[in-house]
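For reference, the structure is listed below as structure tokens.
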Amino acid sequence: MPETKKTLVERLFAEHGGSLQAFLFRRVRKHPDAAELAQEVYVRMLRVPDIESVRNPEAYLYTVASNLAKEHARHERRDGDVVNVDDPLVQEQLAELPSYAGQLDAQERIKRLREVLHQLSPKCQAAVVLQYWHGLSYEEIGLRLGVSTNMVKKYLSQALVHCRRRMSRLG
Amino acid sequence: MSVSDERVRNLIAQEAADWFVANRAGLTFKERHTFATWINASPLHVEEYLALSAIACDLRAACEDSQGDLEGLVARARQDEVSPIQPLWQRLGERVRGAGSNLWPAPAFALAVFALLSVGLMWWHRTSSEHPGGPDQIAALHFETAHGEQRTYRLADHSLVHLNTDSALTVRYDRKERLVELTSGEAEFAVAHEPGRPFRVVAGSVEARVIGTEFDVRRASDSTIVTVVEGRVAVGASSSANPSAFVQLAAGQQIRVAGDLPDPPLAVDPRKATAWLHRQIVFEREPLERVAGEFNRYTAKPIEITTPGLRNLEISGVFATDDTEAFLAFLRSLEGVRVEVTATQIRVSQN
């Protein structure tokens, strides 16, 4: 598999040991928590005096979010020490660790996402596969599908919105 | 979550997705600035962006089973002419409802509770010639949708514009007014309340002017139809020399203007005129010819009625605009009706 710049997000997430992603997924499903994390990230972003001059605002956003996710994990582990092991919250944290249970959770999530992908129109599906699996650029995808680069962006954007909506109904 | 919250939420998800996609291609200096401003505008933006990122992270793994038949997938994608636009918000009723069934699914009533903005005085306004681009004028923005596509835009004043299929509009805001020109198709507006800066929609020869309200404007080939969901709107022919010829419309009223001649306003169910917002089309004892015409606004293959006797067949039901198949299945279920799908069209005839 060629390493392309499209895997930037994957790399960023991977650098943080998957904890940010697990954290986000847990919170994507639990709306109040997701809002709380976003609020914290937001406040920290606001503290940057001149965010517009940051060379890569997206990477900066992920860094802020990962740092927060790590802080949360530490905080929750501390709490966990004094809480009953049967506590569902503790169980949830355990599932977050790269354990068998955590793996299952990710597999379940990907299986569900695969189903959601199949609901998309052929053009959206093909654009997603060509980008996320084959790592093609938008121009290359446009050539393969016989559409403009702008339409490719539209298809990918719609695909993401669709996945987001369907996946958030999981929890 | 109220309907208006959900609309805003979906809109933000769409904006977040657009930015996420744009970021993969790399941003220009200016775009980077705009993106940073967008992210810093609301914690909701941060939340949606992060949620999408997490999903994107799993997409590669989710694609794994599709890559085996890549050629087949690409071939299907190339053949698929219908613009694959996903609904902006949850579909309220995906099933076909046949004649005689409950016309309105319960959730559809939620549309009626969209946040009401107080509405001030409406007045008639004549031609738009007195709007030269002065120093206060902001550059015009152009929005359009493809055949079968629907899209929502949030304007600078936080008014929302929902564009239906095959539609185009231009937005020009300045200090004195908010001017929108609907050049084709149909749009629904939820207008942010700004007493000092009226919101004007010009659709060919027809103009609607409001301060804050929700209404739908549809430009058909021979006429323009304005439907008011909330508030009040003044409608008239912009070429008319007689300013008193305007018509005041209240919520639940609809007016059709052909050329310069407005028909008398009708009392309508505004949920019906704005059903497309939920990817629905609603018919109540309407002739098949009209129903087919309505579907043809969205489908890739036009529906043609080849038996003249069928044109006046009455149809009632709620259909999904992006599910022609369900509509065809409904037609096939009618006695004596035959449906043939060819490479270029859908033929409806009598058995």
> Taking every pair of alpha-carbon atoms in region B:3-79, what share in percent sits in each 10 Å bin, from 0 to the bin with the longest distance?
Replying inline: 16, 35, 29, 18, 2
> region B:275-310 to region B:196-234: how many Å between their Cα centroids?
Replying inline: 24
> For B:LEU179, which sequence-distant residues (separation of 5 or more, or a different chain) have an amide H within less than 5 Å of its own amide H, given hydrogens modelled in the peptide plane?
Replying inline: B:ARG172, B:TYR173, B:ASP174, B:ARG200
>> 5 Å is the cut-off here: which amide hydrogens, built 1.01 Å from N in the peptide plane, fall below it relative to A:GLY135, excluding neighbours closer than 5 in sequence?
In response: none
> Based on the Cα atoms of region B:261-321, what semi-axes does the equivalent ellipsoid have, where each is the square root of 5 times one gyration tensor eigenvalue, given in whole Å with the largest first?
Replying inline: 21, 16, 11
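Please rank B:VAL202, A:VAL147, fewest neighbouring Cβ atoms within 10 Å first, as an exposure proxy. If you can, show how the numbers build up before the last one.
Working: B:VAL202 22, A:VAL147 17.
Fewest-to-most ranking of B:VAL202, A:VAL147: A:VAL147, B:VAL202.
Every number in this text was worked out from the coordinates using simple rules, so none of it is lab data. Remember, it's a predicted structure, so these values are computed and weren't measured experimentally. Quick reminder, even Gly has a Cβ in these numbers, built from the backbone with ideal geometry, and neighbours come from all protein chains shown.
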